[in-house]
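Student: I'd like to ask some things about the structure below.
The values are calculated or read from the model by the stated rules, or taken from the named source; none is laboratory data. Just so it is clear, the model here is predicted, and its values are computed rather than measured. Glycine gets a Cβ as well: all are built from the backbone with ideal geometry, and neighbour counts include every protein chain shown. For the accessible areas, the whole protein counts, side chains as well, though only heavy atoms, and no ligand, DNA or RNA atoms are used. Shrake-Rupley method; radii C 1.70, N 1.55, O 1.52, S 1.80 Å.
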Amino acid sequence: MPRVDGSEQLRIPQAKVWRLLNDPDTLAASIPGCRGFERDGDAEHRYRTAIKVAVGAVTGVYEGTVEYVDVEEPERCTIV
């Protein structure tokens, strides 16, 4: 599974950033190869996803879970 990391300073209101991070369509658009998100059961901050990865001629689709941990709304969260 590819690791996507880094940081970016945004010049938009904090409430808007939080709302976008909690929008499955926006989150999917921010991850290369992501095929979308759907809520995983009743968990507020856990999603099932599939990501297409290509390394040279080898291509695969990996299914997994994305979860927000250490959530301190609307201050911060860690996405794993």
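Student: Do you know which residues across region 26-43 are acidic (Asp, Glu), open to solvent by 70 Å² or more (accessible area, probe 1.4 Å) and in contact (Cβ under 8 Å) with a residue 12 or more places away in the chain?
Tutor: 38
Student: List the pairs whose first member sits in region 60-78 and is assigned to a loop (DSSP other than H, G, I, E, B), whose second member is among the small types (Gly, Ala, Ser), and whose Cβ atoms are under 8 Å apart, counting only residues at least 6 apart or on separate chains?
Tutor: These pairs meet every condition: 74/15.
Student: Still on this model: Quick check on my filter: what residues within region 47-67 are open to solvent by less than 80 Å² (accessible area, probe 1.4 Å), farther than 12 Å from residue 28 by Cβ and small (Gly, Ala, Ser)?
Tutor: The answer is 54, 56, 60, 64.
Student: I'd like to verify a number: residues in region 10-34 that are among the basic types (Lys, Arg) and either part of a helix (DSSP H, G or I) or under 13 Å from residue 66 (Cα atoms) (or both), how many?
Tutor: If we filter region 10-34 for residues that are among the basic types (Lys, Arg), which is where we start, we get 11, 16, 19.
From the residues that got through so far, the ones that are either part of a helix (DSSP H, G or I) or under 13 Å from residue 66 (Cα atoms) (or both) too are 16, 19.
Residues meeting the conditions: 2.
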